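Everything on this sheet refers to the single structure shown next.
The values are calculated or read from the model by the stated rules, or taken from the named source; none is laboratory data. Since the structure is predicted, the reported quantities are computational estimates derived from the model, not experimental observations. Using ideal geometry, Cβ is built from the backbone for each residue, glycine included, and neighbour counts are taken over all protein chains shown. Heavy atoms of the whole protein, side chains included, go into the accessibility calculation; ligands, DNA and RNA do not. Shrake-Rupley method; radii C 1.70, N 1.55, O 1.52, S 1.80 Å.
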Amino acid sequence: RAIGTLPAVAMLIAVGALAPWTTLRRRLGDRSPAWTARLQAVWAVVLLCGFAYSGVTTYRDYFVRWGSNPNLPTHFEAGISAIGEYVGALPPGEQVYTSPEPPSHPAIRFHSGLRDDVRGYNGRVCLAMPRETEADTTFVIVPGKDDDSLDRLNRTFPQGQVTHQEIVVGDRPYFVAYRVPAGARADLNPTHPLEARWADRIRLLGVDLDHKDQNTYRPGDTVELTLYYEDIAPMETRYTAFVHLLGPENPATGSPLWAQNDSEPCHGFYATTSWHRGEVLLDRIELPIPDDAPAGTYRLGTGFYDVVTQERLPVASEDAPTEHDVLML
C-alpha cells in the first residue's frame with residue numbers, strides 16, 4: 001500500500017532539503033563565492049548528519065523496538081499464514097473446513113498453494129459439516145476467535161481427534177486441527193426433531209431452543225435457536241432465511257409479527273450457493289423480544305426467500321403446519 005506514496009515522499013524530502021540552500025544562495029547572490037562554497041559544504045554536512053540520524057533512529061524503531069513487540073506475529077498475520085501452510089500440506093483428497101478465518105483470505109490462499117477445495121464458515125454463529133464424511137475431513141479452528149466449534153465437533157463426531165496444534169506466540173495454540181475419519185456419520189440430536197423440505201433443495205432436520213425454560217419468555221428476552229439444515233440439491237441462488245415471532249396483532253404493524261431475523265445462513269458467512277449436497281449446517285439465530293410485547297402465546301415461523309424477487313421457497317412438512325410458505329416451528 002505504501003509503494004504509490006514513495007515517489008511523493010522522496011520529492012517532499014528533496015524539496016525540504018534543498019529549499020533552505022536555494023533561499024540562502026538567492027540572498028547571497030554572487031557577492032561572496034568563497035563564503036557560498038563554505039556554506040554549501042556546511043549544508044551538505046548538515047544533510048548527511050540528518051540522514052544518518054534518521055537512518056539510525058529508523059533502524060532502532062523498526063528492528064529493535066518494533067522487532068521486540070510481542071504482538072508482531074499478529075501484525076504480520078503469522079497465524080493465518082501458518083493455517084495456509086498447514087492446509088496446503090494436507091493430502092489433496094482430504095476435505096478441509098476453516099473457521100472463522102475464511103479460505104479466501106489472501107494469506108491462506110497464497111500459503112496453501114491456491115488450494116481451491118477448502119470450505120469456510122464462521123463458528124461463532126454456525127457449524128458446517130458433512131452429514132457423513134466421504135473422505136478424511138479436517139476442521140482448522142482458531143480457538144481465540146471461535147470457541148464453540150471444537151466442543152460441538154467433539155459431540156457430533158466423537159470418532160475424531162485433535163491432530164495438530166500450532167503455537168505462533170505465547171503458550172496458547174493459534175489454531176487446532178480436528179480430523180474426522182472417512183465414513184463417520186454426524187451424531188445429530190436436535191432437542192426438537194422436525195422434518196421439512198423447501199422445494200426439494202433444503203431439508204430441515206430439527207431445532208434447538210437455547211433457554212432455561214423453553215416454553216416461557218419475558219419481554220426483553222432473546223429467543224436463541226439453532227436450525228439444523230441439510231443440503232439435498234445444488235443451489236444457484238443465494239437464499240435468505242427468516243425467522244418470525246408471531247403472536248397477537250401488533251398495533252404498530254397491523255399483523256401478528258412482533259420480531260424477525262432475516263439473513264443469509266450463517267449470518268451471510270455460508271451462503272446457500274456455497275453448500276454441498278449431503279452437508280449439514282447448524283445455524284444459530286437470535287430473536288430479541290420487544291419490551292412492549294403483550295402476554296400471550298406466540299409461535300415461531302421460518303422459511304427462505306429470494307431477496308431479488310422476494311419470492312418464498314415453497315415448503316412442505318408432515319411434522320408441522322405451514323402458512324403462506326412459512327413453516328411453523
Residue count, the range 24-75 (criterion: closer than 30 Å to VAL169 by Cα and among the charged types (D, E, K, R)): 3
message: Cβ-Cβ under 9 Å, sequence separation 6+ or interchain: first residue in the range 168-185 and farther than 18 Å from PRO100 by Cα, partner of a type in the set (Lys, Arg). Which pairs?
response: ARG185/ARG131
- prompt: So, of the residues in the range 271-298 that are more than 23 Å from GLU230 (Cα to Cα) and of a type outside the set (A, V, I, L, M, F, W, C), which turns out to be least open to solvent (accessible area, probe 1.4 Å)?
  reply: PRO290
message: Being within 17 Å of LEU188 (Cβ to Cβ), assigned to a helix (DSSP H, G or I), of a type outside the set (Val, Ile, Thr) and open to solvent by less than 20 Å² (accessible area, probe 1.4 Å) is true for just one of LEU153, LEU127. Which residue is that?
response: LEU153
- request: Keeping to the range 77-93, report how many residues are out of contact with any strand residue (DSSP E or B) (no Cβ under 8 Å at 6 or more places or on another chain), surrounded by 15 or more Cβ atoms within 10 Å (Cβ to Cβ), of a type in the set (A, V, I, L, M, F, W, C) and more than 14 Å from ILE167 (Cβ to Cβ).
  value: 1
- prompt: Is it fair to say THR240 is hydroxyl-bearing (Ser, Thr, Tyr) and surrounded by fewer than 18 Cβ atoms within 10 Å (Cβ to Cβ)?
  reply: no
- request: Considering only the range 102-121, state which residues are free of Cβ contacts under 8 Å to residues at least 24 places away in the same chain and either buried (at least 17 other Cβ atoms within 10 Å of the Cβ) or in a strand (DSSP E or B) (or both).
  value: PRO103
message: Being without any contact (Cβ under 8 Å) to a residue 40 or more places away in the chain and part of a loop (DSSP other than H, G, I, E, B) is the requirement here; does THR253 meet it?
response: yes
